[in-house]
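Q: The structure is given below, and queries will be raised subsequently.
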Amino acid sequence: MNRILYLLLGIVLAVFGYEIIVQPRWYSSKYDYYFDFTGIHIPFGSAIIVIGIIFIWLALRKKAKDYEDKVLVCPKCKEAFNKKDVPGERCARCNVNLEEIEGRVLRQTSGIEDGAESGL
């Protein structure tokens, strides 16, 4: 949702900055205000355009990777590790490359496996 708001705000600011450069005098008949940017219309309009471009960039940039949901599993010893805890992505016990799986990992103990075989 923030991305959409940042994108809309960036577009509005960029268009507003362009309008200030093109037409530096503004009059609002509803509020009876008269704005005259004649002396500063190029630097002021350019600054507004730059701020708009920054908001557009913030909306379109990639998000940082979320390592909390990433789980690595050793294919040899079947040990699960959080990705942030294993910087080299190699198992400390087996020295094998770890495989990445997303989502939750449920550990099954031998007691649960024994109960499943007996029909419980």
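Just so you know, all these numbers are worked out from the coordinates, no wet-lab data involved. Keep in mind the model is a prediction, meaning the values are calculated, not measured. For neighbour counting, all protein chains shown are included, and Cβ atoms are generated from backbone atoms with ideal geometry for every residue, glycine included.
Q: At a Förster radius of 22 Å, what calculated FRET efficiency corresponds to the Cβ-Cβ distance of Ile4 and Lys70, to the nearest 0.05? The partial results should precede the final answer.
A: Values: r = 27 Å, r/R0 = 1.22.
My answer for the efficiency is 0.25.
Q: If we count other beta carbons within 10 Å of each Cβ, what is the order of Ser28, Ser46, fewest first? Show your work: numbers first, answer last.
A: Numbers: Ser28 9, Ser46 14.
Listed from fewest to most nearby Cβ atoms, that is Ser28, Ser46.
Q: By average Cβ neighbour count within 10 Å, what is the ranking of 7-17, 75-85 from highest down?
A: Numbers: 7-17: 16.3, 75-85: 12.5.
By packing density, highest mean first, the sequence is 7-17, 75-85.
Q: Moving on. With r defined as the distance between the Cβ atoms of Leu60 and Phe37 and R0 fixed at 35 Å, what FRET efficiency is calculated, to the nearest 0.05?
A: The formula returns an efficiency of 0.75 here.
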